[in-house]
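These notes are about the structure you will find just below.
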Amino acid sequence: FSKALEHAFKIAHQLDFGGIVINGTNNYRPPIVPFGGVGLAGYGREGLGYTIDELTRSRFIAVRNIRPSSEILKGYNV
């Protein structure tokens, strides 16, 4: 806890952590906020975006000389 928020932010930027709460407690964490996975304290990160990344695999498919309106591309984000 600190009355000097500028000093608290300065210290926070110097620390190596997954998340920090200044002048409060971490009793609520929205799913989008990253958590954990720093140093030897944890393996991987928690949070919605990190969970999706861990459970999916992105792929790249390139096609030359095909129009974006082609029937073969229906259902894809082109």
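Quick notes on this one:
- Cβ-Cβ under 8 Å pairs, at least 6 apart or on other chains, the stretch 7-31 side of a type in the set (Gly, Ala, Ser), far side assigned to a loop (DSSP other than H, G, I, E, B) and loosely packed, with under 10 Cβ neighbours inside 10 Å: ALA8/ASN23
- The stretch 37-78, subset aliphatic (A, V, I, L, M) and either more than 30 Å from ILE20 (Cα to Cα) or touching a helix residue (DSSP H, G or I) at 6+ places or on another chain (Cβ under 9 Å) (or both), residue modelled with the lowest pLDDT: VAL78
The values are calculated or read from the model by the stated rules, or taken from the named source; none is laboratory data. As the structure is a computational prediction, the values presented were derived from the model and not from experiment. Quick reminder, even Gly has a Cβ in these numbers, built from the backbone with ideal geometry, and neighbours come from all protein chains shown.
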